[in-house]
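Colleague: Following this message is one structure expressed as structure tokens.
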Amino acid sequence: MDPAALTSIAGPLALIVITIRYLVACYVRPFGRCRRCKGKRRIPHRIGRGSRYCRRCDGTGLRLRWGRRLLNYARRLHRDGTR
């Protein structure tokens, strides 16, 4: 097999493998760390020593991954029937 044909096959195949791997990761571990508080649940005040709960994740330190949101949407569409 010549190198041009191999590279033309390897690129799309790698994208497919990465996508499937990410979807499996979203299925197994649907939550990731919150980007705002970095999973610490609290955000320090700019002035003073206090801190407050993160509003983005409601103080859980977790967020739902966008791939999991996509899986939930597809599952909901399938369950409810075609709209």
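Values quoted throughout were computed directly from the atomic coordinates according to the rules given, and no laboratory measurement underlies them. What you see is a predicted model, and the numbers here were worked out from it, not measured in a lab.
Colleague: Under 10 Å, Cα contacts only: if you run a Gaussian network model on the chain, which one of LEU13, LEU64, LEU23 comes out with the highest mean-square fluctuation?
Modeller: Residue with maximal mean-square fluctuation among LEU13, LEU64, LEU23: LEU13.
Colleague: Something else: For the Cα atoms of the chain, what angle does the longest principal axis make with the long axis of helix 66-80, in degrees from 0 to 90, nearest 10?
Modeller: Tilt of helix 66-80: around 80 degrees.
Colleague: Let me ask something else about it. Taking the Cα atoms only, what angle lies between the long axis of helix 3-28 and the longest principal axis of the chain, rounded to 10 degrees?
Modeller: Roughly 40 degrees between the two axes.
Colleague: May I pose another question? Expected output is a single nm value to one decimal: the length gained when fully extending between TYR27 and LEU13, i.e. 0.36 nm times separation in residues minus the C-alpha distance. What is it? Write out the running numbers ahead of the final one.
Modeller: Values: separation 14, 0.36 × 14 = 5.04 nm, distance 2.12 nm.
Result for the pair: 2.9 nm of gain on full extension.
Colleague: Which residue fluctuates the most in the chain, going by a Gaussian network model with Cα springs under 10 Å, if the choices are ARG49, ARG33, ARG68?
Modeller: Largest GNM mean-square fluctuation: ARG49.
Colleague: Quick check: residue separation of LEU64 and HIS45 times 0.36 nm, minus the Cα distance between them. What number comes out in nm? All intermediate terms of the calculation are to be shown ahead of the outcome.
Modeller: On the way: separation 19, 0.36 × 19 = 6.84 nm, distance 2.53 nm.
In short, 4.3 nm is gained.
Colleague: Let me ask something additional. May I ask for the Rg/Rh ratio of the chain, computed from Cα atoms with Rh as the Kirkwood radius, given to two decimals? Before the final figure, lay out the partial values.
Modeller: On the way: Rg = 20.0 Å, Rh = 16.1 Å.
Here the Rg-to-Rh quotient is 1.24.
Colleague: Counting pairs of alpha carbon atoms under 8 Å apart in space and at least six apart in sequence, what relative contact order in percent does the chain give?
Modeller: On the way: 62 pairs, mean separation 21.7, N = 83.
Normalised by residue count, the contact order of the chain is 26 percent.
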